[in-house]
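Note sheet for the following structure.
What follows is calculated from the coordinates using simple rules that are stated; it is not laboratory data. Since the model is a prediction, treat every value here as computed from it, not as a measurement. With ideal geometry, Cβ positions are generated from the backbone for all residues, glycine too; neighbour counts draw on all protein chains shown.
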Amino acid sequence: MSKVRRDRDSGRTIWILVFVAVSVFCIIFFAARGRFSVPFSSRAVTAAFTPFQRAFSWAGNQVQDVTTNIWDILTVHQQNKMLRNEVEQLRAQNIQANEYAAENIRLRSLLNYKQAVTQFDLVFGRVIGRESASWTGMIVIDRGTNDGVQKDMAVVTERGLVGNVIEAGPFSSKVELLLDPRAAVGTLVQRSRVAGIVEGDPSVPMQPRMVNIPRNADIVEGDVIVTSGFGGVYPKGLIVGTVASVKNDAGGLLKYALLEPAVDFQKLEDVAVIVASREAPPEPLKPPVQTPGTETPVPQPESSAGGEK
């Protein structure tokens, strides 16, 4: 029993020694291969180790390919991240450029208007807020007394009348829009010179109406309505809007006209305040002389009928 075990141990020792010898030989052979030429007699040994060499070479190539692929994936991921950041930056720059372009168009329109109305001194302002309780009645602009803006100054755009300043602070002001039911603007029909008062209509917030129009007055759909200049707040000739429809008042002696405003109040962003006007105020309207016994009701003056503020 012990003899068989010793034989087995001897066999294992021999194989271990053979393996170590072959390993040492391989190490010495591959290390010295580049330093001296292999004699013809050792070609058999080289041929014997060729499969191992190919296996080692294949394994090395596979490891190198995997490493290269991993590096390429990491590089592409980093490049994609950088490209995404660049796209986001370009998108933000494009949005900002579009905003600048739109603002440039609006300000150019106001500048052209300023050059056309040389009788007015204008201060440009930007809408910076609206009162939530009266979205269609009040706005806040970024110009105040430090810029020459005062209470009761008219506010316009290149399209027409916006409203008037009702409160001026050092750096901002509140503007009452002509859509506000509390507003009252003395106006004329540009074609027929019929006088009336434009005020906000709470039932139709975006469509003011011209009231105090005599029943037989010459006013039709499509007529242009301008400021009359009475009251001292609004200079004469500012466009208010056009007549959308004419309706009879409930009393039967007067009628009123629904207007389409010249200004798009939903898109109001930039305005101009008229800080000075070199136009002389017009003479007040005088009622026509009537034959005794044939008198007809005449609209009351604006100052006593809730006229301009």
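May I ask you to compute the full-extension gain from GLN115 to GLU131, defined as 0.36 nm times their residue separation minus their alpha-carbon distance, rounded to one decimal in nm?
In short, 2.6 nm is gained.
Could you give the distance between the Cα centres of segment 213-247 and segment 154-187, to the whole Å?
Centre-to-centre (Cα) distance: 17 Å.
Of LYS174/LYS236; LYS114/LYS174; LYS114/LYS267; LYS114/LYS236, which sit over 25 Å apart, Cα to Cα?
Pairs exceeding 25 Å: none.
In segment 81-168, what GluC sites (Glu not before Pro) fall in a loop by DSSP, with at most 13 other Cβ atoms inside 10 Å?
On the way: sites: GLU86, GLU88, GLU99, GLU103, GLU131, GLU158, GLU167; in loops: GLU131, GLU158.
Listed in order of number, the matching sites are GLU131.
Hey, with R₀ at 22 Å, roughly what FRET efficiency would GLU260 and SER203 work out to, going by the Cβ-Cβ distance, to 0.05? The partial results should precede the final answer.
Details: r = 16 Å, r/R0 = 0.72.
In this case the efficiency is close to 0.85.
Please give the length that would be gained between ARG108 and GLN64 if that part of the chain were fully extended, namely 0.36 nm times their separation in residues minus their C-alpha to C-alpha distance (nm, one decimal).
Numbers: separation 44, 0.36 × 44 = 15.84 nm, distance 6.42 nm.
Length gained, ARG108 through GLN64: 9.4 nm.
Can you tell me how much longer the chain between ILE73 and LEU90 gets when fully stretched, taken as 0.36 nm per residue apart minus their C-alpha distance, in nm with one decimal?
Roughly 3.6 nm would be gained on extension.
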